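Below: the structure, in structure tokens.
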Amino acid sequence: MQPNLITRIQSIDILRGLVMLIMALDHVRDFFHETAVTFDPLNLDTTTTPLFLTRWITHFCAPIFVFLSGVSAYISGQKKTKAALGSFLIKRGVWLILIELVIVSLAITFNPLYNFLILQVIWAIGWSMIFLGLLVRTSYAAIVVIGVLLVLGHNIFDIYPAAGSSPVMQVLFTSPGGIIPLSADRLLLVAYAILPWTGIMFLGYAVGRWYSKDFPPEKRRRLLVTAGGLALLLFILLRASGLYGDPTSWDRSREGMNGFLSFVNVSKYPASLQFTCLMVGTGLLLLSIFERVRGKLWDIFMVYGKVPFFYYVLHFYLIHILCVIFFYASGRTEIASPDSPFLFRPADFGYSLPVVYAVWLFVIVVLYQPCRWFIEVKKRNAGKWWVSYV
């Protein structure tokens, strides 16, 4: 059974690596595109098709990454007792929350005084791991049921918005990305409401059972295709009907490409049911496909997918350092700007979309060798406690 196990792990690493590379495109756009601070790239009244697609394609990254974190939690749990797995997930969740606050926020803002703290996907993964760590001591069925309820049910707050209006409910369920003042000169941006992402991780944990050591590969691939197809079908039915699952309906008056873009423009903040069906459903189909692919390109994706945490932190620092270089090269001197929370990135700074893509390609190429190096570091230190945290 060992060859099948290797294939399964490779398929996960390939998909994880692919979404990590796409993710970097959005973060490069944030720092380098001329309208990233001033205009919404998904607003069909003001955007262009290339800009819309540049932003929209990156929507696949967070849900697939969170889902695969759940899959990986189940796989790693096969070698641990429930108590040991629960303890590890809770500790790693706390670690990730601290990393988000201290390391990632600094990378994004370059503000050593931490006047602007940002809670994004690492924060959501951290809390989701804590909740999963608490529940793995119960039963697999409980995790599946709670995951389904969270993903299917949280859009009920679109129908009854008053029920989700308190600060606690916003942080847990409904916030589209809100700023909380911590003091006169310190702000906290909660970009990811926690529990919709927790539901996605729980569903990933549920699918992790299909990656058990003795699970038949052909059956797993059939299940991945079936689950992915049903998720996409549910997305189409919900989106077409407009009955439930997303706070914003698609604009039926638009035609052609704009009509299609409106149809797929589902809400990420918080992750709606329609959003989850489209993004995770596609991810399930890709997992099935990637089990059988071979070649140099897929090996390259695996390099990034094997060290996602290392890549994630490093890519933010590299992007912001490049932004500083471009900032000074353009003759700018105002490090801090009142219209932007990021140092060296004023709102009126930036370049055209082709420049964004050029910088993105540079970033992912530069990070390839460091990722290969860190893979070897992890191999040499396999078994040491810290390896599982990075």
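What follows draws every value from the coordinates through simple rules; no lab data is involved. All figures in this text were calculated on a predicted structure; none of them were measured in a lab. Glycine also receives a Cβ, built like all others from the backbone with ideal geometry; neighbour counts cover every protein chain displayed.
Values computed for the structure shown
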read-out	value
The chain, helix-only ellipticity at 222 nm - DSSP H runs n ≥ 4, -39,500 (n - 2.57), divided by all residues, nearest 500	-20000 deg cm²/dmol
Global geometry of the stretch 46-125, whether rounded, prolate or oblate, following the gyration tensor of its Cα atoms and the 1.5 cut on a/c	oblate
Beta bridges by DSSP in the stretch 2-389, antiparallel share as percent, to the nearest 5	55
Spin-label proximity, THR226 to the stretch 193-208 - amide N less than 15 Å from point 7 Å beyond Cα toward beta carbon	207
Footprinting exposure proxy for ILE364, ILE179, ILE118 (fewest neighbouring C-beta atoms within 10 Å first)	ILE179, ILE364, ILE118
P(r), alpha carbons of the stretch 181-336 - 10 Å bins starting at zero, rounded %	9, 22, 29, 25, 12, 3, 0
Exposure proxy ranking, count of Cβ atoms within 10 Å, fewest first, for ARG294, ARG209	ARG294, ARG209
Two-decimal Rg to Rh for the stretch 2-389 - Kirkwood Rh, Cα set	0.95
FRET efficiency, 1/(1 + (r/R0)^6) with R0 25 Å, evaluated for VAL148 and ALA84 via beta carbons	0.45
Residues of the stretch 353-381 with amide N under 14 Å of the 7 Å Cα→Cβ point at PHE39	353-354
Cα-projected label distance for PHE215 with ASP185, points at 7 Å along beta-carbon direction, nm	5.2
Backbone N under 13 Å from the SER388 label point (7 Å along Cα→Cβ), restricted to the stretch 99-138	133
Footprinting exposure proxy for LEU243, LEU230, LEU287, LEU343 (fewest neighbouring C-beta atoms within 10 Å first)	LEU243, LEU230, LEU343, LEU287
Separation between Cα centres of the stretch 29-84 and the stretch 265-303, rounded to whole Å	10
Top of ARG55, ARG332, ARG380 by mean-square fluctuation, Gaussian network on the chain, Cα under 10 Å	ARG380
Once the Cα gyration tensor of the stretch 31-88 is diagonalised, semi-axes √(5λ) in Å	40, 11, 8
Distance (nanometres) between label positions extended 7 Å along Cα→Cβ at TYR351 and ARG372	2.6
